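Chemist: My structure is below; once you've seen it, I'll send some questions.
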Amino acid sequence: MMSNSSQQQEQQQPKSNSMPNIGAFLRMLRKEQDLSQEKIAKKLGLSIPAYSKIESGITDINLSRLFQLSEIFEMDAIELLSRSKYGNNFLSVETVFKDQVELHKQIIAEKDAEIYSLQKKLINYHEKD
């Protein structure tokens, strides 16, 4: 059985399946633009420790956060993901296209879930009448 402190340490480790280097890339962008973690956290509606976990790779970002961050750093979401994953290396058209397809699939899945939820609410509303 793990001790409480061992569990906390394990939980604080960067996730290996996180988007590669996104946190480190966000930190680099933030420092390049002379922004504080506090300022970014405030724009995202997060606490400073919560944003710090994103930069440390402990917490993954969802699509809505990705789009918020791309607005903050004035960078397209695809560019933000691509540069965090591949650095400033030349990317083949095929690689960028695959990344875009994956991102669009995620967006569609999230929007489908939102539509389904709204449809259920609408049906429930009409059934109450």
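Chemist: So is Leu26 in contact with a helix residue (DSSP H, G or I) (Cβ under 8 Å, 6 or more places away or on another chain), at negative phi and surrounded by fewer than 18 Cβ atoms within 10 Å (Cβ to Cβ) or not? Steps first, answer last, please.
Modeler: Details: in contact with a helix residue (DSSP H, G or I) (Cβ under 8 Å, 6 or more places away or on another chain): yes; at negative phi: yes; surrounded by fewer than 18 Cβ atoms within 10 Å (Cβ to Cβ): no.
For Leu26, the condition - in contact with a helix residue (DSSP H, G or I) (Cβ under 8 Å, 6 or more places away or on another chain), at negative phi and surrounded by fewer than 18 Cβ atoms within 10 Å (Cβ to Cβ) - is not met.
Chemist: Right, another one. Do we have any residue at all in segment 56-74 that's farther than 21 Å from Gln106 by Cβ, assigned to a helix (DSSP H, G or I) and at pLDDT 90 or above?
Modeler: The answer is yes, given that some residue of segment 56-74 is farther than 21 Å from Gln106 by Cβ, assigned to a helix (DSSP H, G or I) and at pLDDT 90 or above.
Chemist: Would you check if Ala77 is in contact with a Leu (Cβ under 9 Å, 6 or more places away or on another chain), surrounded by 11 or more Cβ atoms within 10 Å (Cβ to Cβ) and either modelled with pLDDT under 85 or of a type outside the set (Val, Ile, Thr) (or both)?
Modeler: Spelling it out, Ala77 is indeed in contact with a Leu (Cβ under 9 Å, 6 or more places away or on another chain), surrounded by 11 or more Cβ atoms within 10 Å (Cβ to Cβ) and either modelled with pLDDT under 85 or of a type outside the set (Val, Ile, Thr) (or both).
Chemist: Being at pLDDT 95 or above, over 22 Å from Ile107 (Cβ atoms) and small (Gly, Ala, Ser) narrows it down to one of Ala41, Ala24, so name that one. I'd like the intermediate steps shown before the answer.
Modeler: Working: Ala24 fails: at pLDDT 95 or above.
Ala41 is the lone residue from the list that is at pLDDT 95 or above, over 22 Å from Ile107 (Cβ atoms) and small (Gly, Ala, Ser).
The values are calculated or read from the model by the stated rules, or taken from the named source; none is laboratory data. Note that the coordinates shown come from a computational prediction; the quantities given were computed from them, not determined experimentally. Note: ideal-geometry Cβ built from the backbone for every residue, glycine included; neighbour counts use all protein chains shown.
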